[in-house]
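Have a look at the structure below before the remarks.
The values are calculated or read from the model by the stated rules, or taken from the named source; none is laboratory data. Predicted model, so just to flag it, every value in this text is computed and none were measured. Note that each Cβ is placed from the backbone with ideal geometry, even for glycine, and that neighbours are counted across all protein chains shown. Remember, those area values only see protein heavy atoms, side chains included, never the ligands or the DNA or RNA. Shrake-Rupley method; radii C 1.70, N 1.55, O 1.52, S 1.80 Å.
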Amino acid sequence: MPTAQDAQTADVICVAVFGAIANTVPEPQRAGVLAGTMYYVGRIDARDPALDLQKAILAVLPSEESGLNAFVKEHTGRCGSQLQDNVRRLASVGGAVQARAKADATKADGAKPSDAAPQGR
């Protein structure tokens, strides 16, 4: 079972990966990369708001560019997959909220004036 420190390091790695690819992806994908970065930064901050993120990123990043490319390849799948799982989960929540709102609107439209509580005289 991973420790909180393992999870923190894994999330720092994902921030580093998204940061490394931010300027290499096509413009339409940059907003998603930024959103992914912010997702992982939020997780990190939730565990330790005082963490020196710059120091943590530099500690996990390889110093050689060839090492950086291998690092990005190694971790992109895990980071992207975890992010996509959460995107699907949030989409499901959004769908449930919309369905409830639609059901509530349908109920409200179906209510007749005589169904309302009697008005005082």
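The slack between ARG89 and ARG30, meaning 0.36 nm per residue of separation minus the straight C-alpha distance, is 19.1 nm.
The value of relative contact order for the chain, using C-alpha pairs under 8 Å at least six residues apart, is 27 percent. For segment 83-112 versus segment 1-72, the inter-centroid distance based on Cα atoms is 32 Å.
In the list [x] 13.8, 46; [y] 15.9, 61; [z] 22.7, 83, the label attached to Rg and Dmax of the Cα atoms in Å as derived from the coordinates here is [z]. Highest mean packing comes first when the peptides 101-110, 59-68, 30-39 are listed by Cβ atoms within 10 Å, giving 30-39, 59-68, 101-110. Which angle from 0 to 90°, rounded to the nearest 10, does the C-alpha axis of helix 4-21 make with the longest principal axis of the chain? The angle comes out at about 80 degrees.
For the pair ARG78 and GLN5, the difference between a 0.36 nm per residue extended length and the Cα-Cα distance amounts to 24.6 nm. Along the axis of the charge dipole computed for the chain (Cβ charges of +1 for Lys and Arg, -1 for Asp and Glu, origin at the Cα centre), the listed residues ALA20, LEU83, VAL72 are led at the positive end by LEU83. Of the solvent-accessible surface of the chain, computed with a 1.4 Å probe over protein heavy atoms with every protein chain present, carbon and sulfur atoms account for 59 percent. The residues of the chain present an accessible area of 72 Å² per residue when probed at 1.4 Å with all protein chains retained. Working from label points 7 Å from Cα in the Cα-to-Cβ sense, the ARG100 to LYS55 distance is 4.3 nm.
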